[in-house]
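Heads up: the structure comes next, in structure tokens.
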Amino acid sequence: QVQLVESGGGLVQPGGSLRLSCAASGIIFGIYTMGWYRQAPGKQRELVALITNGGSTNYPDSVKGRFTISRDNAKNTVYLQMNSLKPEDTAVYYCNNGVAPWNYWGQGTQVTVSS
């Protein structure tokens with residue numbers, strides 16, 4: 001059974017940076033496309049980055065050039081480097097399957113961008 005544990009969130013000023021981590025277990029991590037999602041209050045969850053098992057990445061325009069997703073298959077971990085953060089990036093961030101999300105979602109990690 002898949003388990004996902006996100007960490008690394010916090011409070012940061014606009015223009016700042018954070019690096020999120022997600023440790024996965026219970027799956028053969030290396031075969032899956034993984035994604036980072038976020039959900040802001042009152043909004044639907046959205047995909048903000050994905051990385052294939054081959055290392056190809058994709059981002060929506062809202063974060064392109066500011067966010068970078070990476071993975072370490074040896075550690076069953078996916079990362080999200082977030083730079084030039086904006087107040088609109090404030091949300092709870094989750095990782096999951098980047099193509100067909102599993103029913104299980106971790107607790108997420110809160111990112112708050114505020115001065």
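The values are calculated or read from the model by the stated rules, or taken from the named source; none is laboratory data. What you are looking at is a predicted structure, and each value in this text was computed from that prediction instead of being measured. Note that each Cβ is placed from the backbone with ideal geometry, even for glycine, and that neighbours are counted across all protein chains shown. Just so you know, the surface numbers come from the protein's heavy atoms only, side chains and all, with ligands and any DNA or RNA stripped out. Shrake-Rupley method; radii C 1.70, N 1.55, O 1.52, S 1.80 Å.
Taking segment 12-31 as the range and being at pLDDT 95 or above and either in a loop (DSSP other than H, G, I, E, B) or touching a helix residue (DSSP H, G or I) at 6+ places or on another chain (Cβ under 7 Å) (or both) as the test, the residues that pass are 13, 14, 15, 16, 17. Of everything in segment 37-67 that is in contact with a helix residue (DSSP H, G or I) (Cβ under 9 Å, 6 or more places away or on another chain) and among the polar types (S, T, N, Q), the residue that is farthest from residue 91 (Cα to Cα) is 53. Summed over segment 50-75, residues that are open to solvent by less than 60 Å² (accessible area, probe 1.4 Å) and on the phi > 0 side of the Ramachandran plot total 1. Evaluating residue 8 against the criteria (1) at negative phi; (2) surrounded by fewer than 21 Cβ atoms within 10 Å (Cβ to Cβ) leaves one unmet condition, (1). Of all residue pairs spaced 6 or more apart or on separate chains, those with beta-carbon atoms under 6 Å, a first member in segment 37-60 that is β-branched (Val, Ile, Thr) and a second member that is assigned to a strand (DSSP E or B) and open to solvent by 40 Å² or more (accessible area, probe 1.4 Å) are 51/57; 51/71.
Each residue in segment 26-49 was checked for being surrounded by 12 or more Cβ atoms within 10 Å (Cβ to Cβ), closer than 18 Å to residue 2 by Cα and among the β-branched types (Val, Ile, Thr), and 2 pass.
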